[in-house]
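The values are calculated or read from the model by the stated rules, or taken from the named source; none is laboratory data. None of the values given here were measured: they were computed from a predicted structure. Because the Cβ atoms are built from the backbone with ideal geometry, glycine has one as well, and the counts that use them run over all protein chains shown. Heavy atoms of the whole protein, side chains included, go into the accessibility calculation; ligands, DNA and RNA do not. Shrake-Rupley method; radii C 1.70, N 1.55, O 1.52, S 1.80 Å.
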Amino acid sequence: PAVTSPCKILKCNSEFWAATSGSHHLGAEEAPEFCTALRAYAHCTRRTARTCRGDLAYHSAVHGIDDLMVQHNCSKDGPTSQPRLRTLPPGDSQERSDSPEICHYEKSFHKHSAAPNYTHCGLFGDPHLRTFTDTFQTCKVQGAWPLIDNNYLNVQVTNTPVLPGSSATATSKLTIIFKSFQECVDQKVYQAEMDELPAAFVDGSKNGGDKHGANSLKITEKVSGQHIEIQAKYIGTTIVVRQVGRYLTFAVRMPEEVVNAVEDRDSQGLYLCLRGCPLNQQIDFQTIRSAQATEGRARRKGPSLPAPPEAFTYETATAKCREKLPVEDLYFQSCVFDLLTTGDVNFMLAAYYAFEDVKMLHSNKDKLHLYERTRDLTPGNTAPTGTHPTLWVALLCLCWLCLS
C-alpha cells in the first residue's frame with residue numbers, strides 16, 4: 001500500500017498563506033488581523049506536532065512563526081479565528097521579470113573571475129547515491145536523512161521499505177528548504193511525497209516570494225505529476241525531482257562554493273551528498289550482486305527461495321536494463337540490483353532517468369559513467385569511459401606482470 005504521511009504541516013502552511021497573502025505589507029491597522037492568523041497557524045502546528053517531529057517543513061514553520069510573532073509584536077494569547085481570505089494585489093512579485101544582479105550567481109559572484117566549478121549529486125532507486133565528489137554508493141538509509149545542509153538550503157529525504165519485510169528501500173518523501181537570502185528570496189519550502197509531486201512551494205507560490213529578486217527562484221513543471229525543475233539562480237543551483245513509479249528521484253547541480261558553504265563542517269557528518277552514507281549504512285555492491293546471480297541460478301533449480309511478485313532472474317534483469325542503459329557502468333549495475341531486489345520494472349526507469357539527469361547537470365562530460373573502483377585505481381578515479389571494467393583490470397594485471 002502507498003505510504004501516506006500523517007503530518008499535516010502542508011495544510012497549516014497553505015491555510016496561513018491563503019489567509020494572510022499581502023497583509024504583512026500593509027499598514028499598522030492590519031497587525032491585529034495578521035497576529036490572529038499567526039496564532040491560528042501556531043495552533044495548527046501544535047495539533048500536528050506529534051506526527052511531524054522528523055519533518056523539516058514542520059520545524060521551519062515553528063521557527064518562522066516565532067520570528068513573525070516578534071517582528072509584529074504579536075501576543076501568543078488572543079483570538080485564533082482565521083481572518084478573511086485575501087487575493088494577491090495587482091503587480092504581485094510573481095509577475096516581476098526584473099531581478100537585481102546580486103540575485104544572479106554567475107553575474108554577481110564571478111563577474112571578474114573564472115566561471116564557477118559545478119558539481120552534481122543524485123539519489124535514486126533502492127537508494128543509490130552519487131555524491132558531489134563522484135563517489136557512488138548503495139545504501140540502506142531507512143527513515144529520514146539529510147542530503148544537503150549548507151548556508152543556503154536544506155534537503156531531507158525519507159526512505160521507506162519497498163515491500164513488507166524487505167530490506168529494499170526507496171525515497172517516498174522529499175523536503176527542500178530554501179533559506180531567505182538578502183534581497184533575492186524569502187524562505188521557501190518545497191515538499192513532495194509519493195503520488196504528490198507539486199509544481200509549487202508549500203505556500204502555493206512558484207517563485208521566491210515578495211522580494212525584488214523573487215524570480216531568481218522558480219519552479220517549472222516539465223511533466224505533470226512526474227517531473228519538476230527548480231532553478232535557484234541566486235546560488236547557481238538547479239534541482240530536478242521526478243516521480244518514477246511510486247517513488248521519487250533527486251538530482252542537483254550546484255557550484256562548489258555553495259556546496260562548501262558550511263559554517264561548521266564538523267557538524268556535517270550526515271550531509272549525504274557531501275560525505276556519503278555512513279559506513280554502517282552502505283551495502284557492498286559487488287558481494288550483493290554476486291549473491292543475486294547465485295540466487296537467480298538457485299531459483300531456476302527449485303522453488304525454495306522466496307521471490308518478489310514479478311521476479312527477475314539475473315539474466316532477465318540484465319537484459320531488461322540493457323534496453324535503456326547499454327553501457328555497463330554503475331547505473332546499469334544499480335538497475336540490475338533493483339530489479340532483483342524489488343521485481344519492479346519502474347526501478348529500471350529510475351536508473352535511466354538518473355543517468356539522463358547526470359548528462360544534463362554534470363559539468364564534466366568525461367565523468368558521466370562511473371565504474372567500480374579497484375585497488376589499482378586511486379580514490380576518485382574511474383575506469384575510462386567506454387572501457388569494460390573487467391578488461392581494464394585485466395590490462396592492469398598484464399602491465400604489472402610485464403614490469404615484474
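What to note about this one:
- Karplus-based coupling profile of segment 205-211, in residue order and whole Hz: 7, 10, 9, x, x, 9, 7, with θ = phi - 60° in 6.51 cos²θ - 1.76 cosθ + 1.60 and x standing for Gly or Pro.
- Subset of LYS107/LYS218; LYS173/LYS359; LYS76/LYS206; LYS218/LYS359 violating a 27 Å alpha-carbon distance limit: LYS76/LYS206
- Of the peptides 184-196, 116-128, the order by per-residue mean of other Cβ atoms within 10 Å, starting with the highest, comes out as 116-128, 184-196.
- If the segment from GLN281 to ASP195 were pulled out straight at 0.36 nm per residue, it would be longer than the present Cα-Cα gap by 28.3 nm.
- Here the 3J(HN,Hα) profile of segment 172-183, calculated from phi with Karplus coefficients 6.51, -1.76 and 1.60 at θ = phi - 60°, is 10, 8, 9, 10, 10, 10, 8, 6, 4, 9, 6, 8 Hz, Gly and Pro shown as x.
- Summary of packing: across the peptides 335-343, 144-152, 209-217, the per-residue average of other C-beta atoms within 10 Å ranks them, highest first, as 335-343, 209-217, 144-152.
- FRET efficiency, 1/(1 + (r/R0)^6) with R0 25 Å, evaluated for GLU315 and THR160 via beta carbons: 0.25
- Across the protein chains, with a 1.4 Å probe defining accessible surface, the residues THR318, THR135 rank THR135, THR318 from largest area downward.
- Subtracting the Cα-Cα distance of LYS218 and VAL345 from their residue separation scaled by 0.36 nm leaves 42.5 nm.
- Solvent-accessible area per residue for segment 170-286 (1.4 angstrom probe, square angstrom): 37
- Shape category assigned to segment 119-277 from the gyration tensor of Cα positions, a/c cut at 1.5: oblate
- Within the accessible surface of segment 102-276, defined with a 1.4 Å probe on protein heavy atoms only, the carbon and sulfur portion equals 45 percent.
- Out-of-range pairs (alpha-carbon distance over 20 Å; input LYS179/LYS211; LYS11/LYS140; LYS179/LYS233): LYS11/LYS140
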